[in-house]
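Accompanying notes for the structure given below.
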Amino acid sequence: MDENAVTFKGTVNGLTIILKQDAGFDDIVNSLLIKINSAGKFFRGAKLAVKYRGRTLNQEERYELHELLKKESGAQILSFDEDMTENKLAETKPSSTERNNQIKKYTYFKGIEEGTTKFYRGTVRSGQLITFDGNLVVLGDVNPGAVIEATGNIVVMGLLRGVVHAGSNGNKDAIVAALGLNPTQLRIGDIITRSPDDEKGIGTNLIPELAYVREDKLFVERFLPQR
Amino acid sequence: MGEVIVITSGKGGVGKTTTTANIGTGLALAGRKAVLIDTDIGLRNLDVVMGLENRIVYDLVDVVDGVCRVKQALIKDKRYDGLYLLPAAQTRDKSAVTPEQMINLINELKSEFDYIIIDCPAGIEQGFKNAIAGADKAIVVTTPEVSAVRDADRIVGLLEANELRNPKLLINRVRVDMVKRGDMMSIDDIIDILAIDLIGVVPDDEKIVISTNRGEPAVTDDKSLAGQAYRNVTKRLQGEDVPIMNLESEDGLIFKFKKLLGFKTT
């Protein structure tokens, strides 16, 4: 039996039951019974407006679940309806992209001094895209044609030859560091730079370098001055 | 209204991308306004051959998905005015674009450019269907190899099935010495099989490798034989009547010496 056919979620307005989309009705009933019983006296005496989503129910099924909730939970079930707010939210999202962009400016990832970090082991090859909401460390090379993006800092423990985008949701304080910094294109926040045309594309300079932005200009310098 | 030409071949590695870059640059040299569209999503090369890889911010998939406007994705060539590249996406695959979206995109570009050159991926699947969707004309590239000619024949059939009549044939990487020895198919052999009009014959040329790696199309090199061949192709595309270059007479010094000394040269 699928024990995850039903998930409970407490909301400001009461309780939302998330039903697994492809779960059979018997599974839902059984899973619901287990969940209610394991909650023990938690619901007893409460007044709940219950909503459900994730799967449509017909009239009979809805009635049966409603009765089950009344009988087993011990709570006073005020209502039992399908939750429509989720769908509405999804509909309004694309139209408000512009507003989201504005919000983004103030809510970009700030954990560049200390924050969540992803470690990627291996070579990132052409056509591969690594994105992460946080800092990103690649233990390997990044080849031309590959794209690595992170909302925080990016450190490559190898040769960086692909496209790199640090602070991808707007943080211009983010940095890019690599043991060999030869990116096709380097982006920090909304600043986009590329290497000069006269330089050969297949660089093999293995000098540990660090790129950062000051006053909307990109600077690259060694981070181990003695080497 | 611009003319839309798809460069295709069926087989990989016969020189579609090189041809696209050279024809596009040749047209720009002649003062025409041209845009090159790379439809090889996931295995893009045209940007590298053109030396424009590091300028890519938006790509074909971004345009059809509405992430950006067409003009934002067009990359201006670093040498010639009037030459633009619309690069393919590298981190996606062919199914990211549909033929209908390609037609819409091309219609949008038609009013702006004299020529729209589409670089087709190898194969006859989704990528091929996308590439030929909006095209008015086709150039089929082949090399003098049985396998390449076989694939070219298949492509000619598919183009005709998709209402693209009278495709033109471009024979690439011809080696005159090998043809003479009978080790390579001759131009006539290939035309006998495919039975379509010839638009150009490009000799095998070391300089192509050099120029491809440098990101500078060979058509700009006056000394390159292949460059000359591509210049002729662009002239023919613009309606000029240029005879097919006689490769045998261009053998150079050795040929002249042999002639001088009375050796048989044919």
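The values are calculated or read from the model by the stated rules, or taken from the named source; none is laboratory data. Values in this document were obtained by computation on a predicted structure and should not be read as measured data. Here Cβ is always computed from backbone atoms with ideal geometry, including for glycine, and neighbour counts include all displayed protein chains. Keep in mind that these areas ignore ligands, DNA and RNA; they rest on the heavy atoms of the full protein, side chains included. Shrake-Rupley method; radii C 1.70, N 1.55, O 1.52, S 1.80 Å.
Translational D (Stokes-Einstein, µm²/s) of the protein assembly as shown at 37 °C and 0.692 mPa s when Rh comes from the Kirkwood sum over C-alpha pairs? It diffuses with D of about 121 µm²/s by this estimate. So, with a 1.4 angstrom probe, what is the percent of accessible area on the protein assembly as shown that is carbon and sulfur? C and S atoms contribute 49 percent here.
Solvent-accessible surface of region B:87-216, averaged per residue with a 1.4 angstrom probe and all protein chains in place: 47 square angstrom.
How charged is the neighbourhood of A:VAL220? Take every other residue with its Cβ under 12 Å from the Cβ of A:VAL220, and add Lys/Arg as +1 and Asp/Glu as -1.
Cβ neighbours under 12 Å give a net charge of +1.
If you wrap the tightest convex hull around every Cα atom of region B:34-83 and split its volume per residue, you get 79 Å³. In region B:89-104, the residues that give up 30 Å² or more of accessible area when the other protein chains are added, compared with the chain on its own (1.4 Å probe), are B:GLN90, B:THR91. Excluding same-chain neighbours fewer than eight residues apart, the aspartates and glutamates reachable from B:LYS71 by a Cα-Cα span under 14 Å are B:ASP59, B:ASP62, B:GLU108, B:GLU112. For the residue pairs B:LYS33/B:LYS235; A:LYS9/A:LYS35; A:LYS172/A:LYS217; B:LYS11/B:LYS76, the alpha carbons lie more than 18 Å apart in B:LYS11/B:LYS76. About its Cα centre, region A:117-222 has a charge dipole of approximately 280 debye under the convention of +1 per Lys or Arg Cβ and -1 per Asp or Glu Cβ, with nothing else charged. Here, region B:78-225 yields an orientationally averaged convex hull projection of 10.6 nm² when only Cα atoms define the hull.
In region A:119-155, the residues whose accessible area drops by at least 30 square angstrom when the other protein chains are added to the isolated chain are A:GLY127, A:GLY145; the probe is 1.4 Å and only protein heavy atoms count.
So what's the angle, to the nearest 10 degrees on a 0 to 90 scale, between helix B:225-237 and the longest Cα principal axis of chain B? Approximately 60 degrees, to the nearest ten. Local charge sum around A:THR123 (other residues, Cβ-Cβ under 13 Å, Lys/Arg +1, Asp/Glu -1)? Counting the neighbours of A:THR123, the net charge comes to +2.
Restricting the calculation to Cα atoms, every distinct pair contributes to the Kirkwood radius of region A:117-222, found to be 13.1 Å. What the Cα atoms of chain B give is an Rg and a Dmax of 18.6, 68 Å.
Using the Stokes-Einstein relation with a Kirkwood hydrodynamic radius computed over Cα pairs, the translational diffusion coefficient of region A:6-89 at 4 °C and a viscosity of 1.567 mPa s comes to 100 µm²/s. Accessible area buried by the pairing of A and B, both sides summed with a 1.4 Å probe, works out to roughly 900 Å².
One-quarter of the Cα convex hull surface for region B:67-130, in nm²?
Computed as one quarter of the Cα hull surface, the answer is 5.1 nm².
Along the axis of the charge dipole computed for region B:19-103 (Cβ charges of +1 for Lys and Arg, -1 for Asp and Glu, origin at the Cα centre), the listed residues B:LEU83, B:ALA96, B:LEU46 are led at the positive end by B:LEU83. Using θ = phi - 60° in the Karplus curve 6.51 cos²θ - 1.76 cosθ + 1.60, the 3J(HN,Hα) couplings for region A:62-74 round to 5, 4, 4, 5, 4, 4, 4, 4, 4, 6, 8, 7, x Hz; x is entered for Gly and Pro.
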